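*Asks:* There's a structure below that I have some questions on.
The values are calculated or read from the model by the stated rules, or taken from the named source; none is laboratory data. The structure displayed is predicted, hence computed values, not measured ones. Please note: Cβ atoms are built from the backbone with ideal geometry, for glycine as well, and neighbour counts cover all protein chains shown. Keep in mind that these areas ignore ligands, DNA and RNA; they rest on the heavy atoms of the full protein, side chains included. Shrake-Rupley method; radii C 1.70, N 1.55, O 1.52, S 1.80 Å.
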Amino acid sequence: MLLTIDIGNTRIKCAVFEQNTLFEKFVFTKEDALKNFKKIFKKNKTIEFSISSSVGKLEKECLEYINAHSKLIIVSHELIFPFKNLYSTPKTLGIDRMVLAAGANLLYPNSNCLIIDAGTCVTYDFIDDNNYYLGGAISPGINLRYQALHNYTAKLPLLEKKDINQFIGNSTDESIHSGIVNGLVYEIEGFVTQYFHKYEHLTIILTGGDADFLAKRLKSTIFANSNFLLESLNLLFNYVQTQND
């Protein structure tokens, strides 16, 4: 069995895979990491390998524990990837973005793929049908937008995201919700439209913590999968294993 680990800025997401089947998913804070990893390995004694992707830091004690109970692969820029990276600053490309690109490339080889990850930031990553990674875009995620309006203005309140069904806000709170939620939806649809103008045949994958929240508001044909990074780690692990055989 394989344990895939996504270390974010505040939370850690894990999943246990048997080949390509996801058996169980776990989400916890960094503060509770070691306790939860001990529970995962105690419950799943047949985990042989683990693979980790990180945008945040994990305590050394946790990494040592994982490595002691499995053969740990930490994804880095030096790992074998299935695509050719044409990013002009390849060493600055986030590992999470590379993993998502790899997952899309392995799932849809020789296809134009746009991966939209709606998390702390919203990232857009594009691979063309020659299996070339070309780049994308980065913008603030939903929660960052709410925090920015509160932190950088004198009187606007700090709100939490909310389901809305109108674009005209008739109060300050509703105006904030409309500006943030509708603004991000329009942003995503604008990017998607630009890509469709240049690439007629396009597969779009929406993932991240806000994927389900946004998917029902988007008009485009999009595959919404909040677990795609964990699944991409599984695909990347299998790919690396075949290259090393």
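*Asks:* Would you mind checking the tilt of helix 60-69 against the longest principal axis of the Cα atoms of the chain, expressed as 0 to 90 degrees and rounded to 10?
*Replies:* 50
*Asks:* Here's another thing I want to ask about it. Ranked highest first by average number of other Cβ atoms within 10 Å, how do 8-15, 132-139, 194-201 line up?
*Replies:* Going by the mean number of other Cβ atoms within 10 Å, highest first, we get 8-15, 132-139, 194-201.
*Asks:* Could I ask something else about it? Relative to the longest principal Cα axis of the chain, at what angle does helix 228-244 sit, 0 to 90 degrees, rounded to 10?
*Replies:* The two axes meet at around 30 degrees.
*Asks:* How big is the charge dipole of the chain about its Cα centre, in debye rounded to the nearest 20, if each Lys and Arg gets +1 on its Cβ and each Asp and Glu gets -1 on its Cβ?
*Replies:* The dipole magnitude comes to about 520 debye.
*Asks:* A follow-up question, please. Restrict the search to region 1-110; then list the GluC sites (Glu not before Pro) that DSSP places in a loop and that have at most 16 other Cβ atoms within 10 Å of their Cβ.
*Replies:* Counting only loop positions with at most 16 other Cβ atoms within 10 Å, the GluC sites (Glu not before Pro) in region 1-110 are Glu48, Glu59, Glu78.
*Asks:* Name the residue farthest towards the positive end of the dipole of region 96-228 from the options Asn227, Tyr195, Gly169, assuming +1 on Cβ of Lys and Arg, -1 on Cβ of Asp and Glu, about the Cα centre.
*Replies:* Sorting the options by dipole projection puts first Gly169.
*Asks:* Using the structure shown, list the pairs from Lys13/Lys42; Lys57/Lys216; Lys42/Lys216 with a Cα-Cα distance above 27 Å, or answer none.
*Replies:* From the list (Lys13/Lys42; Lys57/Lys216; Lys42/Lys216), the Cα-Cα distance tops 27 Å for Lys57/Lys216; Lys42/Lys216.
*Asks:* Please go through region 53-127 and write out the trypsin sites (Lys or Arg not before Pro) that DSSP classes as loop and that have at most 12 other C-beta atoms within 10 Å.
*Replies:* Lys57
*Asks:* If you don't mind, there's one more thing I want to ask. Ordered by packing density, taken as the mean number of other Cβ atoms within 10 Å over each peptide's residues, highest first, how do 216-227, 98-109 rank?
*Replies:* 98-109, 216-227
*Asks:* Still on this structure, I have one more. Cut-off 17 Å, label point 7 angstrom out along Cα-to-Cβ of Tyr108: give me the residues of region 175-212 whose amide nitrogen falls inside.
*Replies:* The answer is 188-208, 211-212.
*Asks:* Another one. Around Gly8, under 15 Å between beta carbons, what's the net of Lys plus Arg minus Asp minus Glu among the other residues? Walk me through the intermediate numbers first.
*Replies:* Values: positive: Arg11, Lys13, Lys25, Lys30, Lys57, Arg97; negative: Asp6, Glu31, Asp32, Glu59, Asp96, Asp117, Asp210.
Charge balance in the 15 Å sphere: -1.
*Asks:* Sort 142-154, 203-215 by packing, meaning the average of other beta carbons within 10 Å per residue, with the highest value first.
*Replies:* 203-215, 142-154
*Asks:* Now for a different question. Starting from the alpha-carbon convex hull of the chain, give the projected area averaged over all orientations, in nm².
*Replies:* Convex hull of Cα atoms, orientation-averaged projection: 14.7 nm².
*Asks:* Additional query: If I compute solvent accessible area with a 1.4 Å probe over the protein chains, what percent of it on the chain is carbon and sulfur?
*Replies:* 51
*Asks:* A further question on this structure: For region 97-201, with only Lys/Arg (+1) and Asp/Glu (-1) charged at the beta-carbon, what is the dipole magnitude about the Cα centre, in debye rounded to 20?
*Replies:* In total the dipole reaches around 300 debye.
*Asks:* Considering only protein heavy atoms, what per residue accessible area in square angstrom results for region 1-114 with a 1.4 angstrom probe?
*Replies:* Accessible surface, normalised per residue, equals 52 Å².
*Asks:* Let me ask something else about it. Find out how many positive minus negative residues lie around Ser139, taking Lys and Arg as positive, Asp and Glu as negative, among other residues whose Cβ is under 14 Å from that of Ser139.
*Replies:* -3
*Asks:* Next question. Using a probe radius of 1.4 Å on heavy atoms only, what accessible surface per residue do you get for region 191-245? Whole Å² is fine.
*Replies:* Result: 53 Å² of accessible area for each residue.
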